[in-house]
1. Of all residues in the stretch 267-312 being within 14 Å of Ser251 (Cα to Cα) and of a type in the set (S, T, N, Q), which is surrounded by the most Cβ atoms within 10 Å (Cβ to Cβ)?
2. Looking at (1) of a type outside the set (S, T, N, Q); (2) outside any strand (DSSP E or B); (3) free of Cβ contacts under 8 Å to residues at least 24 places away in the same chain, find the lone condition where Val664 falls short.
3. Taking Ile225, is it assigned by TED's automatic domain parsing to the domain that holds Thr241 and under 40 Å from the mean Cα position of the chain (by Cα)?
4. Quick check on this structure: which one of Lys204, Lys208, Lys220 is in contact with a helix residue (DSSP H, G or I) (Cβ under 8 Å, 6 or more places away or on another chain) and among the basic types (Lys, Arg)?
5. Could you check, for the stretch 689-698, whether at least one of its residues is among the aliphatic types (A, V, I, L, M), at pLDDT below 95 and in the same structural domain as Asp579 (by TED's automatic domain parsing)?
6. Mind checking which residues of the stretch 240-249 are buried (at least 24 other Cβ atoms within 10 Å of the Cβ) and over 32 Å from the mean Cα position of the chain (by Cα)?
7. Aromatic (Phe, Trp, Tyr) and in the same structural domain as Leu337 (by TED's automatic domain parsing), is that true of Phe278?
8. Name the residue, out of Ile102, Ile5, Ile54, that is β-branched (Val, Ile, Thr) and modelled with pLDDT of 95 or more.
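The values are calculated or read from the model by the stated rules, or taken from the named source; none is laboratory data. Just so it is clear, the structure is predicted and the values come from calculations on it, not from any experiment. For neighbour counting, all protein chains shown are included, and Cβ atoms are generated from backbone atoms with ideal geometry for every residue, glycine included.
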Amino acid sequence: MKQIIQDLKKGNTILEEVPQPQIKRGHLLIKTKRSLVSLGTERMLVEFGKSNLISKAKSQPDKVKQVLDKIKTDGLVPTLEAVFKKLNEPLPLGYCNAGEVIAVGEGVSAFKVGDKVASNGNHAEVVSIPVNLCAKIPENVSYEEGSFAIIGAIALQGLRLVNPTFGETVVVIGLGLIGLIECQLLIANGCNVIGFDFEDEKVKLAEKYGVKAFAVTDPKEQDNIVKSYTINIGADAVIITATSKSNEIISAAANMSRKRGRIVLVGVIGLNISRADFYEKELTFQVSCSYGPGRYDENYEQRGNDYPLPYVRWTEKRNFEAILNAISTGKLDVKSLITEVVPLEEYNKIYENMTGSSSIASILSYPDEYDETKTVNVTKSEYGVTHKGTKGILGIIGAGNFTSMMIVPTLKKLNADIKYISSSKGLSSTTLAKKYGIANSTTDYNSVLQDPEVNAVLITTRHNQHASMAIEALKAGKHVFVEKPLAIRQEELENIVEIFNQEVGKQKSEVRGQRSEGSKEESHVSRLTSHISLTVGFNRRFSPFAKKTKELLGATDIPINVIATMNAGYIPPEVWVHDMGVGGGRIIGEACHFVDLITYFTCSKVKSVYMSAMGSNPSENTDNAIITLKYENGSQGVINYFANGSKSYSKERIEVYWNNKTVVIDNFREMRGYGVKGFKKIKSKQDKGHYNQFKEYLEFLKNGGKPLIPFDEIVNTTKATFAAIESLKSGQIVKV
């Protein structure tokens, strides 16, 4: 199928061929009929893509600060690499979609195949959208009209925040698409509406709706007009739908408001607010959040958990429905807003002329037929397709940030033979496939598991999918590499252990059968060790700094002490890693790295765990915790996992104490020895072991031998993280 994307690095708007997205639980699969181009929002994205690096930096000062902080901790070169890789990721365009339901995900009851729906889907021939971001289109509303539901909800949410009453005077600054819809909604609510814009045609259109509209940009003249229509009282409310960097607009809005008036920002403007403007009139100011309550809430949008109507009357979904009803009953006229309808293949008629365009609403129409394939063969790429059909062929499931920033670039440096990369929506996997010469992009990961040429599967999805996908891959007879963590629940781990042992048992039976036929024992051993394996991406133990520490420790059974401090940094509570059902929390999802590293140094397994946390309700605070590990050989480990430290301090610091010696690893960039004969210091660019990990893994796949990390250590590390959470809840030491 085809999808419109924006290349943020080169500035090109592209119609890309990507695999059809998969249907997921709680989602609808929608065949697009029409989609509305948001000329304001999409123009900003297109112009951002076309701008140079300095202009990009100036437009996002908050991102520049993040880059500077990262340079302090990780160094200049790794930070620049990360920035440029991020710019290489294309952005899907569009969020106003209307189409027909062609598949319904598990758990969905309110929709059926064949329904006409509006959604916030992209400009793509098929989209997969969660149910709370979809609404049924009434029968008397066309697909073209239905595509206005989402952008109409943006205007409606601004109106709801203003909360106008019948007879009030409301000013709308900016008579673009949202502004013109805003005017109609206000008039339908019995308001007197005054509108300002600098384009005569938009002003004339607003006048047809009954708006007192003026092509006036001078703030003093605007103020005089408002006062003349309100007997010098001023506007009851002002809704700003304009897009501008100027601070004059917010000042003008304050000046034209009556005492105790309301100002709501729907657009994007400069916000250098004068206290005096707001203080003397006791004005209220509020920024509207997109479509309404529920926006950016994972529980609402992605998991389909609705807000109870008696307490939250107007959610974003109910706002969609209200706009569609207004169109159906004739209270909202959107047909008059349509400037042009352009076939998808001719999309550049819209995007090449965005700057300075006088269009109000441009709509894309979609062909009835489309390519339904879930796997796209990539024949053109920057490096050329590298699939060679040899031993050690990889399939990657998951194409998120870590996969694109670290895993795929590292594997390609090692000339890894990657045949597939899979993602749920298809765009991210196609982008990586084209850039790095991966033969196939797919949204159906089963095609990876079913391909007999694929020897190993790398699972890099969200944490809650790791265990189930690992089990499927093991059953398919593949080597399995899982990014940490292996599992987020005890029962998941038990299932993996059971399946892994079953598959190993099958190998042993196969070996015994071949031995009875007179095969040499060596060939059976080689086949046994290379036929199936399970590895977790505990890369820290493969760092040159960790390997050097292991070398200095030597082959000794004496207990050691290890302190690992993770200056993890704050992550907002709504981010999925905190969700115990999706990310497993930061201890299971990230601190597992350091449990494994300490296990590597001690040559032993965790025997017991105790975890405490900061705060008055520590059982809910895994962001600032101290984990104490006791090992079978008497060694001790302490993991300080903190989210409240300075970003200018090292993110990771490891201290190892033994036999009157100490080694300190600082952020995997520098290592110092104290009391260690013949060793003082080594320093290099940051190296957390990813390169060595995948180098050794590829060698293992091709040549056989022992797995990179013993399976019993992987299981023990996973159990230790579960025990840490249990200890935090109980306040007791927990045996592993």
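1. Within the stretch 267-312, the match that is surrounded by the most Cβ atoms within 10 Å (Cβ to Cβ) is Thr284.
2. Among (1) of a type outside the set (S, T, N, Q); (2) outside any strand (DSSP E or B); (3) free of Cβ contacts under 8 Å to residues at least 24 places away in the same chain, the lone unmet condition for Val664 is (2).
3. On the way: assigned by TED's automatic domain parsing to the domain that holds Thr241: yes; under 40 Å from the mean Cα position of the chain (by Cα): no.
Against the criterion (assigned by TED's automatic domain parsing to the domain that holds Thr241 and under 40 Å from the mean Cα position of the chain (by Cα)), Ile225 does not qualify.
4. On the way: Lys204 fails: in contact with a helix residue (DSSP H, G or I) (Cβ under 8 Å, 6 or more places away or on another chain); Lys220 fails: in contact with a helix residue (DSSP H, G or I) (Cβ under 8 Å, 6 or more places away or on another chain).
Answer to the selection: Lys208.
5. Keep residues of the stretch 689-698 that are among the aliphatic types (A, V, I, L, M), which gives 698.
With at pLDDT below 95 added as a condition, the list becomes none.
Looking through the stretch 689-698, none of the residues is among the aliphatic types (A, V, I, L, M), at pLDDT below 95 and in the same structural domain as Asp579 (by TED's automatic domain parsing).
6. Ile249
7. Values: aromatic (Phe, Trp, Tyr): yes; in the same structural domain as Leu337 (by TED's automatic domain parsing): no.
When the stated conditions are applied, Phe278 does not pass them.
8. Details: Ile5 fails: modelled with pLDDT of 95 or more; Ile54 fails: modelled with pLDDT of 95 or more.
Only one candidate qualifies: Ile102.
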